[in-house]
Every structure is written in structure tokens, then in C-alpha cells.
Amino acid sequence: MNIYFDIHTHTLASGHAFSTLKENIEEAVSRGLKAYGVSDHAPAMPGSAGVIYFNNFKCIKRQIMGIEVYAGVEANIMDHEGNIDLDESVLKKMDYVIASLHIPCIDPGTPKENTDALIGAMKNPYVKIIGHPDDDRYPLEYERLIPAAKELKVALEVNNSSFVARSGRQNADKNVMKWLEIAKSYELPVILGSDAHIYYDVGDLEKAVEMIKKAGYPEELVLNTREDGLKYVLNDKAFNV
Ligand SMILES: [Zn+2]
Ligand SMILES: [Zn+2]
């Protein structure tokens, strides 16, 4: 499987990650990626950068060390209506927005509440990716989540870090197989993300690719394998507005 990009990665700015933007880009280059994206945690994550960081992406060049560089954010979903922790004035400057459920920001609810939270976030026009919908700490109603993602043109993520015990996420392998099976019948575009918190994990999508293969998921629906795949998740009004 030819992988063109990895856009779910963290830098020192997230407060609990360990590499610089330059180190991450170097790793992306050495793995032969065509595009790299940085997606630090939005401000509600304890220790993460403030709004001023996300407002200053204009100083990042579009091409660095020969690859395309995109700057986005992993926003925190804050309630069961799906409100996230950045407002439109900031979101419109992002190349892309991932929205995810994180323990420090929202307590787990019932499957209905967790699913309502994700669907609410997907209705935000800037949110184009739902990060790691695979964690038994936040059980989900996939039968409801997947048609909503299809309708709202949001990609669900197969997160490589979810399959590693240190992520803290529970039963991700079982949950990913379950939702990929449903997503297949909706022909839902999916995105693979490393969720790297240190440079050497940038572009490591090995376990996610294994899952895709195991599920028999059609390769043309895996955005990372397509040169035009990024278009599905990019905010075309980003950066210079
Ligand atoms: Zn996350
Ligand atoms: Zn992340």
C-alpha cells in the first residue's frame, strides 16, 4: 500500500509530545511521504499551546525539505452536543481540523451521548476528521455514526497509536474491525493517522494498514493511498484568511 501522507502528528507544542516540527518533517521525508501535517492538541488539553500558537501558522512554509507541509489542529470535543475548544476565527485559519474525545476534556458518557458528541462535532463545517473512534472508554453507536460521517463528508480515522497499549485506549483492534465492516457498506472514506508524539512514530502506519487489509477495506477509500486524498479533508479557506 503506497502511503502519501500522515497528518495526525504532535510536536513539543502539545505539552506531552517530545519532538520539534523540524524533527517530524525530517522523519516524514526519510519515510518517503509526499506530505506531512502537524496537528497539535487544541488549548483545552492541559499543557497544550494557546490560541496564539494556532493563529501563527502563517509563518510555516508550504514546502519544507522538499515535501508539502500542512498545519492543522486536533480539537477537543467538550460536551455531548459536540462543541469544540476553538472558535471559527481560529478554525478558519487551519488547513484541517481533527476532532476527538479525550479524557482530560470530556467524561465518557453513554454510547448515545458519546455518539451525539461526535456527530455534533462533525456538523461543524471545519471538522473533516474524527480522531480514534475506537476506544471502549467512549463506547459508540457505529450504526449511527457511520451514515452521519458519510452524509457530512467526514473521514473516520484508523489511528495507528490506538493499537499500542501505552495509548490507554481500550479494545481498539476489536472496535476498528467492527466499524470498518459497517463503513464498507457505506463506502466511507477513511484516513490513517500515526498520532505520533515523538518523531520516530511519524509516518508509522503499519498496524493501521494491517487492519485495513484484515478488514478487506477497499484501497481507493483509504485517503492516504491517493494523491488527491488530502482534498477530502482540507479546509480550502485555510491559512491566509
Ligand atoms: Zn487524540
Ligand atoms: Zn493526537
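Measuring nothing but alpha carbons in region 124-241 and taking Rh as the Kirkwood radius, the Rg to Rh ratio lands at 0.95. For region 33-92, the percent of C-alpha pairs falling in each 10 Å distance bin, counted from 0 to the bin holding the largest distance, reads 21, 47, 26, 6, 0. For the chain, the 222 nm mean residue ellipticity estimated from helices alone, with every DSSP H stretch of n ≥ 4 adding -39500 (n - 2.57) and the total spread over all residues, rounds to -8000 deg cm²/dmol. Here is the P(r) of region 1-116: all C-alpha pair distances, binned every 10 Å from 0, give 14, 42, 30, 13, 1 in whole percents. Would you mind checking the pairs K34/K92; K92/K178; K58/K178; K123/K237; K112/K184 and listing those with alpha carbons more than 29 angstrom apart? In this structure, K92/K178; K58/K178 lie more than 29 Å apart at Cα.
Computed extension gain for E141 through K178, at 0.36 nm per residue and net of the alpha carbon distance, reaches 12.2 nm. Here the chain yields Rg over Rh of 0.92, to two decimals, using C-alpha coordinates and the Kirkwood radius.
Applying the Kirkwood pairwise sum to the alpha-carbon positions of region 60-188 produces a hydrodynamic radius of 15.2 angstrom. With a simple spin-label model that places each label point 7 Å from the Cα along the Cα-to-Cβ direction, the separation between T110 and K22 comes to 5.3 nm.
For T225, T11, the sequence from fewest to most other C-beta atoms within 10 Å is T225, T11. Label reach from M1 (point 7 Å along Cα→C-beta): in region 202-241, amide nitrogens under 11 Å belong to 205-226.
So between K214 and C59, what do we pick up on full extension, going 0.36 nm a residue minus the alpha carbon distance? Please report the intermediate quantities before stating the final value.
Numbers: separation 155, 0.36 × 155 = 55.80 nm, distance 4.13 nm.
Result: 51.7 nm gained on full extension.
Working from label points 7 Å from Cα in the Cα-to-Cβ sense, the E206 to E81 distance is 4.5 nm. Between E227 and L152, the C-beta separation translates, for a Förster distance of 35 Å, into a calculated FRET efficiency of about 0.90. Residues whose amide H falls under 5 Å from that of I129, counting only those 5 or more places apart or on a different chain, are V97, A99, A155, with hydrogens built in the peptide plane.
Beta bridges per DSSP, both residues in the chain: antiparallel share near 10 percent.
Going down the table (K22/K93; K61/K231; K22/K128; K93/K213; K22/K207), which pairs top 28 Å between alpha carbons?
K93/K213
Read the figures in this text as sums done on the coordinates, not as results from a lab. This one's a predicted model, so the numbers in the text were calculated from it and none came from an experiment. Neighbour counts run over all protein chains shown; Cβ positions are idealised from the backbone, glycine included.
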